Amino acid sequence: MFLTAFLIPHCAKAETNTQPSKHPLHTRLSNFQELEQKKKDKHLRQTKSIFRTKFTETEISQWYENFQKQCPTGRITPEEFEEIYTRFFPEADAKSYARHVFRSFDTNDDGTLDFKEYIIALHMTSTGKTTRKLEWAFSLFDVDKNGYISKTEVKEICQAIFKLIPPEEQKKLPEDENTPEKRANKLWAFFDKKDNERLAEGEFIKGVIENETAMRLIHYEPLKH
């Protein structure tokens with residue numbers, strides 16, 4: 001608001017003055033705009049280099065513009081992310097699951113999501129390749145980010161998933177998966193691991209691909225009415 005008040009009179013002067021303004025504010029603003037454009041172009045180039053065959057330059061540019069409009073700071077906070085998930089699951093408690101999803105997207109662990117992390121998340125979760133989606137699913141279950149999944153972590157994510165399921169749907173679940181603990185036990189059994197053993201990414205992907213039930217258990221799928 002204050003910046004606009006300063007700029008208006010200088011813009012008016014520019015119409016009657018053939019010489020470019022030398023006012024320090026103009027110089028600083030011009031430098032700022034040039035820097036912001038360079039940052040934007042660099043960000044788009046870096047992002048585009050990740051997905052050379054997936055998204056077009058135009059698509060990424062449009063997403064970037066929308067991202068900046070929705071997130072003027074250029075970053076999404078955990079609280080904002082939780083609000084987004086809450087809107088998708090109005091009848092459930094989505095905060096716990098949202099925190100885990102946010103953590104899996106926050107690749108540099110700075111507590112926010114920037115545009116590059118946002119577009120990587122979009123790519124990982126929307127691509128048609130099952131293995132790509134399962135790579136992201138592994139990062140979701142790998143709560144401590146040590147490159148392995150433990151049964152304790154499976155239980156933690158299953159608890160978060162269970163909170164997404166409306167109470168009425170919970171009543172219709174099979175007997176062997178109608179609690180978070182049962183769901184976790186059933187899922188862990190597909191990997192042929194002891195309770196104190198760890199699961200590597202390749203083992204996780206292979207186990208899920210080979211079992212349709214495991215594929216269903218790693219996320220929430222609303223019951224068909």
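Just so it is clear, none of the values below were taken in a lab; they were calculated from the coordinates. Please read all numbers here as calculations on a predicted model, not as lab measurements. In this analysis, Cβ positions are derived from the backbone assuming ideal geometry, glycine residues included, and neighbour counts consider all displayed protein chains.
Can you compute the radius of gyration and Dmax for the range 133-219, using only the Cα atoms, both in Å?
When restricted to the Cα atoms of the range 133-219, Rg and Dmax are 12.3, 36 Å.
Kindly put Ile149, Ile205, Ile218 in sequence by how many other C-beta atoms sit within 10 Å of each C-beta, fewest to most.
So the residues, fewest neighbours to most, are Ile205, Ile218, Ile149.
What number comes out for the charge environment of Asn146, summing +1 per Lys or Arg and -1 per Asp or Glu over other residues with Cβ under 12 Å away?
-2
First check a/c for the range 58-126, with a ≥ b ≥ c the square roots of the eigenvalues of its C-alpha gyration tensor; if it is under 1.5, answer rounded, and if not, answer prolate when a/b is larger than b/c or oblate otherwise.
Details: a/c = 1.70, a/b = 1.50, b/c = 1.13.
Prolate is the answer for the range 58-126, as a/c is 1.5 or above and a/b outweighs b/c.
Can you pick out the pairs among Lys163/Lys194; Lys133/Lys186; Lys116/Lys194 whose Cα atoms lie more than 29 Å from each other?
Lys116/Lys194
Please compute P(r) over all alpha-carbon pairs of the range 55-208, binned at 10 Å starting from zero, and give each bin as a whole-number percent.
Cα pair-distance distribution for the range 55-208, in percent: 10, 33, 36, 16, 4.
Tally Lys/Arg at +1 and Asp/Glu at -1 over every other residue whose Cβ is under 15 Å from the Cβ of Asp106; what's the total?
Net local charge, Asp106 excluded: -4.
Give me Lys129, Lys155 ranked fewest to most by other Cβ atoms within 10 Å of their Cβ, as a rough exposure proxy.
Lys129, Lys155
Once the other residues with Cβ under 11 Å from the Cβ of Leu164 are scored (Lys, Arg +1; Asp, Glu -1), what is the net sum?
Working: positive: Lys95, Lys163; negative: Glu91, Asp93, Glu169, Glu221.
Charge balance near Leu164 sits at -2.
Can you sort Leu217, Leu173 by how many other beta carbons sit within 10 Å, fewest first?
Leu173, Leu217
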